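The values are calculated or read from the model by the stated rules, or taken from the named source; none is laboratory data. Computed from a predicted model, the values in this text were never measured in an experiment. Note: ideal-geometry Cβ built from the backbone for every residue, glycine included; neighbour counts use all protein chains shown.
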Amino acid sequence: MASRQRYPKGLTVVPISGLANRMRVVVSAVVAARTLSVPVRLVWRPSWDCRARFDQLFLPLSGEQATVENGSWRDTPATKRNLCLPLLLRKRQYAEEWRCYDPGFHPDLKQLTTGHPSLYMDTCFSLGPYSTDDLRKTFRPLPTLQERIDSVAARFTGKTVGVHVRRADHVEAIRHSPLSAFRHQIDSLLDTDEADSVFLCTDDEHVRQYFRETYGERLLTRQPHLERHTLRGMEDAVVDLWSLSCTNRILGSYHSSFSDTAAELGDIPFEVVTESETPDKTPDTMKRQLVFATNNVHKLREIREIMPADIEVLSLADLHCEGDIPETAETLEGNALIKAHYVYDRFGLDCFADDTGLEVDALGGGPGVHTARYAGDDQNPQANMKKILAEMKEKTNRHARFRTVIALIEKGEEHLFEGRVDGIITTEARGEQGFGYDPVFSPEDTGQTFAEMGEQAKNRISHRARAVQKLLEYINKTI
């Protein structure tokens, strides 16, 4: 009989999220290994937002009590996509496991490692303090990448300002750090002769073109591969990060760790560019904050469109919690409560979460709680629509309903709100807007699918809008 794998005693840390967040986890773990005299096994697993091994980007760690490994599938953080199977495999191998570990809310590392023979955690947070020198010694780009960095930096003067404009799907950066604010800050530096050139890093080609038209020959930029799920994209991310660190100061986007980490590497000034001079709200203009337990950009945008202006909706990304929350209940109510409690119990913040199901009469109320994974665990919307249209092909009863259940955890108390919209499953997909099953669901008395309506029209009648309205009625009465 093959013996089960045994891990070394000490701490196993799995960095998650993008490059900059992983770097902070790794360097702080290296420092912790040294200061706490605890062996640390770092497992750098490639993922969709960081598709590269540590050794494909950096030189090996040297002379440390911490090691970096590629690990195996059993080291992977537990998510709903992998059915939490890695968690089950690890049950007998670790004394304790912490998912989305956050030292700001969880016990500190010294307390956790005392008396535990083995401990597992995945996290995107720094585990403790570290210095610029620690960061530079831990992360040394491969020679081929360092040559590219040196080539870029050779174009800089002593007054080159680094600018990092985050766009893509980063909702908070788009909202709080508009291009007009960047232009105001840059123009001020150029007018006062504090800067004579601009080095731009961005994930948006429209932004790059805007800067070219605005600053002409004073703009220095690269044409990187932007796909972080490729090795080439990750190599370009390293080149951009280290090149930014060679400028004389950095102007960065709101809530983006990339520019902050570059400033730490270069030990240079860093400023978050926001629409107002001070990003923090004054007491008179403070918005009510609620966490929406999702990283689904479509859901987040829809909820924010519905919410009144005096309520600020935060996402899981705003808490740096980017892993999937397991949805193991057999009801929409159960799954919504699981997700809301996941945030409230770990972060102590009032939180709401939703779960939505499409219930089709001819399919016995299915797919119901399995709506997102109807055609497979990859949650492919096109495959889901194709399957439901195929199963409904010969059905005469096409009545269906969308049902959303919102669970709110407020000061430890549970509250449930339900929204429902009735309609039919169409015979073919219609419309280009919306997401999920929107092209095949037509609300009754409309003659259109959700995907044909447009976002504003849908938000007036949708199941989620109706559930949110009940949530708002409660909030306005109590919070």
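When Glu359, Glu330, Glu302 are checked against the criterion of being over 19 Å from the mean Cα position of the chain (by Cα), touching a residue at least 12 places away in the same chain (Cβ under 8 Å), in the same structural domain as Glu428 (by TED's automatic domain parsing) and closer than 26 Å to Asn459 by Cβ, a single residue qualifies: Glu359. Considering only the stretch 188-221, state which residues are part of a loop (DSSP other than H, G, I, E, B) and buried (at least 17 other Cβ atoms within 10 Å of the Cβ). Scanning the stretch 188-221 gives Ala195, Asp203.
Whether any residue in the stretch 152-168 is outside any helix (DSSP H, G or I), on the phi < 0 side of the Ramachandran plot, in contact with a Cys (Cβ under 8 Å, 6 or more places away or on another chain) and outside the structural domain of Ser259 (by TED's automatic domain parsing) is what I want to check. No - not one qualifying residue is present in the stretch 152-168. Which members of the stretch 332-382 meet the condition of being over 19 Å from Leu314 (Cα atoms) and of a type in the set (D, E, K, R)? Selection gives Glu333, Glu359, Asp361, Arg373, Asp377, Asp378.
Of the residues examined, Val440 is one that is touching a strand residue (DSSP E or B) at 6+ places or on another chain (Cβ under 9 Å), more than 30 Å from Phe347 (Cβ to Cβ) and not polar (S, T, N, Q). Scanning the stretch 385-415 for residues that are under 28 Å from Thr449 (Cβ atoms), under 33 Å from the mean Cα position of the chain (by Cα) and not small (Gly, Ala, Ser) returns Met385, Lys386, Lys387, Ile388, Leu389, Arg401, Phe402, Arg403, Thr404, Val405, Ile406.
Do we find that Cys100 is touching a helix residue (DSSP H, G or I) at 6+ places or on another chain (Cβ under 8 Å), outside the structural domain of Tyr344 (by TED's automatic domain parsing) and on the phi > 0 side of the Ramachandran plot in this structure?
Numbers: touching a helix residue (DSSP H, G or I) at 6+ places or on another chain (Cβ under 8 Å): yes; outside the structural domain of Tyr344 (by TED's automatic domain parsing): yes; on the phi > 0 side of the Ramachandran plot: yes.
Spelling it out, Cys100 is indeed touching a helix residue (DSSP H, G or I) at 6+ places or on another chain (Cβ under 8 Å), outside the structural domain of Tyr344 (by TED's automatic domain parsing) and on the phi > 0 side of the Ramachandran plot.
For the structure I just gave you, tell me whether Ala457 is under 27 Å from the mean Cα position of the chain (by Cα) and over 21 Å from Asn397 (Cβ atoms).
Values: under 27 Å from the mean Cα position of the chain (by Cα): no; over 21 Å from Asn397 (Cβ atoms): yes.
Answer is no for this residue.
Within the stretch 387-418, being more than 22 Å from Lys470 (Cβ to Cβ) and loosely packed, with under 15 Cβ neighbours inside 10 Å holds for Ala390, Lys393, Glu394, Lys395, Thr396, Asn397, His399.
Mind counting the residues in the stretch 26-63 that are part of a loop (DSSP other than H, G, I, E, B) and either touching a residue at least 60 places away in the same chain (Cβ under 8 Å) or not charged (D, E, K, R) (or both)? Count: 15. Determine if the stretch 156-170 includes at least one residue that is closer than 16 Å to Asp236 by Cα, polar (S, T, N, Q) and surrounded by 14 or more Cβ atoms within 10 Å (Cβ to Cβ). Taking every residue of the stretch 156-170 in turn, none turns out to be closer than 16 Å to Asp236 by Cα, polar (S, T, N, Q) and surrounded by 14 or more Cβ atoms within 10 Å (Cβ to Cβ).
Taking the criterion of being assigned to a loop (DSSP other than H, G, I, E, B) and either surrounded by fewer than 17 Cβ atoms within 10 Å (Cβ to Cβ) or at pLDDT 90 or above (or both), the residues of the stretch 225-259 that qualify are His225, Leu226, Glu227, His229, Thr230, Ser245, Cys246, Thr247, Asn248, Ser253.
Could you list all residues from the stretch 272-295 that are within 25 Å of Ser259 (Cβ to Cβ), in contact with a helix residue (DSSP H, G or I) (Cβ under 9 Å, 6 or more places away or on another chain) and modelled with pLDDT under 85? Correct list: Glu275, Ser276, Pro279, Asn295. For beta carbons closer than 8 Å, sequence separation of 6+ or different chains, a first residue in the stretch 207-221 that is within 13 Å of Val165 (Cα to Cα) and at pLDDT below 90 and a second that is of a type outside the set (S, T, N, Q) and assigned to a helix (DSSP H, G or I), the qualifying pairs are Val207/Leu179; Tyr210/Leu179.
Of everything in the stretch 78-122 that is polar (S, T, N, Q) and closer than 25 Å to Ser28 by Cα, the residue that is nearest to the chain's Cα centre (by Cα) is Thr79.
Any residue at all in the stretch 447-465 that's within 22 Å of Ala390 (Cβ to Cβ), in a strand (DSSP E or B) and either without any contact (Cβ under 8 Å) to a residue 12 or more places away in the chain or in contact with a strand residue (DSSP E or B) (Cβ under 9 Å, 6 or more places away or on another chain) (or both)? Looking for residues that are within 22 Å of Ala390 (Cβ to Cβ), in a strand (DSSP E or B) and either without any contact (Cβ under 8 Å) to a residue 12 or more places away in the chain or in contact with a strand residue (DSSP E or B) (Cβ under 9 Å, 6 or more places away or on another chain) (or both), one finds none in the stretch 447-465, hence no. In the stretch 434-446 there is no residue matching the filter, namely being among the charged types (D, E, K, R) and touching a residue at least 24 places away in the same chain (Cβ under 8 Å).
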